[in-house]
Amino acid sequence: MEVIVVSGTPGTGKTFVSKKIAKKLKFYYLDVNKAVSKYTLLEGYDKKRKTMIVDTKKLNKFLVMFIKNLEDNKMSKGEKGVVIDSHLSHYLPKEMVGLCIITKCDIRELSKRLKNKKFSKSKIKENLEAEIFNVCYNEALEIGHDVLAADTTKGFNINKIANKIRGE
């Protein structure tokens, strides 16, 4: 089964890209934020940063089990693979992932998006710095993923991404 992970700084368009890819390729879509809440994968809550604390090792174990369960159930709706949407999805082992898509966004546009999401000034600053320093992209490369950067500032080309996934 093909596993596509979509990661990137919050606000860069992961969910938009993930849903488009899943629909285009008829893949199962997994929203990790919903899974974290549903399956109690939280380690706590950071009040100062106003964010959930997720143990990436625990999350990875869950995702590996989830993927194996999808495979065992033969993708019940006829899906050919899975798209995993999360800024933590690039932590999955490279052996499990066919392609890691990192969403990118112009800093000015990202700042606007984060303000619209009602992020605090400190959280906006933290995420802008993560984007400037390509944190998710560099971590994905360090893990050894086949990485494709998708700039969502002015939209993106779903066909280019679909062709890359299909090996065209």
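Against the list (1) surrounded by 18 or more Cβ atoms within 10 Å (Cβ to Cβ); (2) not small (Gly, Ala, Ser); (3) not in a strand (DSSP E or B), the condition Ile102 fails is (3). Taken over the stretch 38-55, the criterion of being among the polar types (S, T, N, Q) and surrounded by 13 or more Cβ atoms within 10 Å (Cβ to Cβ) is satisfied by Thr51 alone. Looking at the stretch 17-37 only, could you name the residues that are surrounded by fewer than 16 Cβ atoms within 10 Å (Cβ to Cβ) and of a type outside the set (S, T, N, Q)? Answer for the stretch 17-37, where residues must be surrounded by fewer than 16 Cβ atoms within 10 Å (Cβ to Cβ) and of a type outside the set (S, T, N, Q): Lys19, Lys23, Lys24, Lys26, Lys34. Among the residues of the stretch 32-48, which ones are in contact with a helix residue (DSSP H, G or I) (Cβ under 7 Å, 6 or more places away or on another chain) and part of a strand (DSSP E or B)? Hit for the stretch 32-48 is Leu42, nothing else. Restricting Asn69, Asn127 to residues that are assigned to a helix (DSSP H, G or I), surrounded by 12 or more Cβ atoms within 10 Å (Cβ to Cβ) and polar (S, T, N, Q) narrows the list to Asn127. Among the residues of the stretch 8-28, those that are outside any helix (DSSP H, G or I) and at pLDDT below 95 comprise Lys26, Phe27, Tyr28. The single condition from (1) over 16 Å from the mean Cα position of the chain (by Cα); (2) in a loop (DSSP other than H, G, I, E, B) that Lys160 fails is (2). Here Arg113 meets the list (1) part of a helix (DSSP H, G or I); (2) closer than 24 Å to Ala22 by Cβ; (3) of a type outside the set (Asp, Glu); (4) in contact with a strand residue (DSSP E or B) (Cβ under 8 Å, 6 or more places away or on another chain) almost entirely, failing just condition (4). Selection over the stretch 38-65 of residues that are modelled with pLDDT under 85 and aliphatic (A, V, I, L, M) gives a count of 3.
Restricting the first residue to the stretch 125-148 and requiring it to be over 23 Å from Val3 (Cβ atoms) and modelled with pLDDT of 95 or more, which pairs with a second residue that is among the basic types (Lys, Arg) and not in a loop (DSSP other than H, G, I, E, B) meet a Cβ separation below 9 Å and a spacing of at least six or different chains? Once the first residue is over 23 Å from Val3 (Cβ atoms) and modelled with pLDDT of 95 or more and sits in the stretch 125-148, its partners that are among the basic types (Lys, Arg) and not in a loop (DSSP other than H, G, I, E, B) give Glu131/Lys104.
The values are calculated or read from the model by the stated rules, or taken from the named source; none is laboratory data. Because the structure is predicted, anything quoted here is derived from the model rather than measured. Here the Cβ is made from the backbone with ideal geometry for all residues, glycine too, and neighbour counts use every protein chain on show.
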